[in-house]
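To keep things clear, I will list the structure first and then write my remarks on it.
The values are calculated or read from the model by the stated rules, or taken from the named source; none is laboratory data. Small disclaimer: the values here were computed from a predicted structure and weren't measured. Ideal geometry is used to build each Cβ from the backbone, glycine not excepted, and the neighbour counts take in all protein chains shown.
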Amino acid sequence: MSNETVHRTIVLSVVKHDYLPRAVAAHPRFELVAVADHAEQPDWVHDRNQLFADEFGIPYLRGVDQALAQSGATVAVISSEAERHCELGVRAANAGLNVILDKPLALNLEVADLLLAAVQSTGVHSLVWNRNYLPALVQTKALLDAGKIGQLRSIHCDFYFSKDAGPRKGSRAPGDPPINWLERQLEAHVDGSDGGVGVEAMGELQIEGIYPLGYLHRLTGQLVEKVYARTASHFHQANVDNDVDDLATVSLEMVGGVVASLCIGRIGAAAHPDIGEIKLHLVGSDGALVVTEARPEVSVYHRGQLPHEFKHRRIADQNNYLLMEEFAQALEGGGLPPVIDVLGARNITATVMAALESGRTGQVVTVKNRES
């Protein structure tokens, strides 16, 4: 293919954050041609899809299979509720489209494996959204590859998101009904804290786990073999009422002997001036690194500053562009597979599932990885 190829892209549902289709549209080699979803979806789904389609001046089509067949698209970008990611991905792959999916890939391994089978049987390319091309991660990988700290021995990641998740734990009065997960997520759409939108409740390990676990996979190049986790509903009443974690610690044994650990949580908007405390600690045979994921950043303070405005702001962030550039090169046969494809995300899902099982049982759990 020519370097000037523009890949026609169909958006399958835009009900969560729309950063994913916007990131695709921002790359000059991809063109959004339509939005599509199942006709039987509820009104709130259709409303969000139509709003996005209208903004980009493209049609909204009610009927996924028909849209896939008639749009002339070669790429599908999926930003639905997480519980529908794999179902829509399977339809797109079986129609011969390359797929870009929002995280998390899946809520269980069964549907993840169905998507993996579809992608592998059709030979289409896949990308699952991640943050591995943030400047700090790119520099850290370069330092490791150059042997600056010798052989990597251990790695720890703090991944605390300073976003709210509704009323604080303990705020529900006696006799009040439990918080409905979907209703809470629909309310949260206004401030962008609805990463877990859908009928099925998800904790932080499921919603955000792919980001720090993706860092570990990228920096070590290895799969997780065993995990031990402790999980809690510590901060937010919606998590308590729906029995999902908002705080967790995970110890991980990786192939090749690297020991890793992760602390993850949704700590509330008042807890941090930035999007959260996200930091990596790496220990090697000849040295160590401490990496603040948000760097480089600038601090902005001014009169009349809005309460929820981040005071610390990332700069020089080309993560989205680099992910799409890598995907474009893969489509055209001139580059490596994306840094996290469906197989990689499937194995991260397996690690998350093992961590949740360990949190429930208090036992070390072996991760059900797939090599290919």
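Here residue 149 meets the list (1) surrounded by fewer than 22 Cβ atoms within 10 Å (Cβ to Cβ); (2) over 16 Å from the mean Cα position of the chain (by Cα); (3) not assigned by TED's automatic domain parsing to the domain that holds residue 275 almost entirely, failing just condition (3). Here residue 288 clears all of (1) among the small types (Gly, Ala, Ser); (2) more than 30 Å from residue 368 (Cα to Cα); (3) at pLDDT below 95 except the condition numbered (3).
With respect to residue 348, is the statement that it is within 15 Å of residue 262 (Cβ to Cβ), buried (at least 21 other Cβ atoms within 10 Å of the Cβ) and at pLDDT 95 or above true? Yes. Here the condition is being surrounded by fewer than 18 Cβ atoms within 10 Å (Cβ to Cβ) and not small (Gly, Ala, Ser); of 325, 277, it holds for 325 alone. Selection of helices (runs of 4 or more DSSP H) fully inside the range 70-175 by the criterion of at least 2 residues being β-branched (Val, Ile, Thr) and modelled with pLDDT of 95 or more returns 109-122, 135-145.
Condition check ((1) outside the structural domain of residue 221 (by TED's automatic domain parsing); (2) part of a helix (DSSP H, G or I)) across all residues:
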position: 326; (1), (2): yes, yes
position: 329; (1), (2): yes, yes
position: 344; (1), (2): no, yes
position: 350; (1), (2): no, yes
position: 355; (1), (2): no, yes
position: 358; (1), (2): no, yes
position: 372; (1), (2): yes, no
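Scanning the range 264-277 for residues that are touching a Pro at 6+ places or on another chain (Cβ under 9 Å) and at pLDDT 95 or above yields one hit, 264. Among the residues making up the range 360-370, those that are touching a strand residue (DSSP E or B) at 6+ places or on another chain (Cβ under 7 Å) and part of a loop (DSSP other than H, G, I, E, B) are 364, 367. Residue 266 meets all of the listed conditions (1) under 21 Å from residue 164 (Cβ atoms); (2) touching a residue at least 60 places away in the same chain (Cβ under 8 Å); (3) surrounded by fewer than 22 Cβ atoms within 10 Å (Cβ to Cβ) but one, namely (3).
Go through the residues of the range 214-226 one by one and say whether even a single one is part of a strand (DSSP E or B), over 18 Å from residue 281 (Cα atoms), touching a Ser or Thr at 6+ places or on another chain (Cβ under 8 Å) and among the acidic types (Asp, Glu). Yes: the range 214-226 contains one or more residues that are part of a strand (DSSP E or B), over 18 Å from residue 281 (Cα atoms), touching a Ser or Thr at 6+ places or on another chain (Cβ under 8 Å) and among the acidic types (Asp, Glu). Checked against the criterion of being closer than 27 Å to residue 109 by Cα, at pLDDT 95 or above and either surrounded by fewer than 22 Cβ atoms within 10 Å (Cβ to Cβ) or touching a Ser or Thr at 6+ places or on another chain (Cβ under 8 Å) (or both), the range 47-61 has no qualifying residue.
Tallying residues that are within 14 Å of residue 158 (Cα to Cα) and under 20 Å from the mean Cα position of the chain (by Cα) within the range 276-319 yields 8. Within the range 21-60, the set of residues being touching a Phe, Trp or Tyr at 6+ places or on another chain (Cβ under 6 Å), closer than 13 Å to residue 75 by Cα and assigned to a helix (DSSP H, G or I) comprises 24 only.
Every residue, every condition in (1) touching a residue at least 40 places away in the same chain (Cβ under 8 Å); (2) closer than 23 Å to residue 244 by Cα, yes or no:
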site: 111; (1), (2): no, yes
site: 114; (1), (2): no, no
site: 124; (1), (2): no, no
site: 128; (1), (2): yes, no
site: 141; (1), (2): yes, no
site: 144; (1), (2): yes, no
site: 150; (1), (2): yes, no
site: 157; (1), (2): yes, yes
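For residue 76, the conditions (1) surrounded by 20 or more Cβ atoms within 10 Å (Cβ to Cβ); (2) more than 22 Å from residue 7 (Cα to Cα); (3) touching a Gly at 6+ places or on another chain (Cβ under 9 Å) are fulfilled apart from (2).
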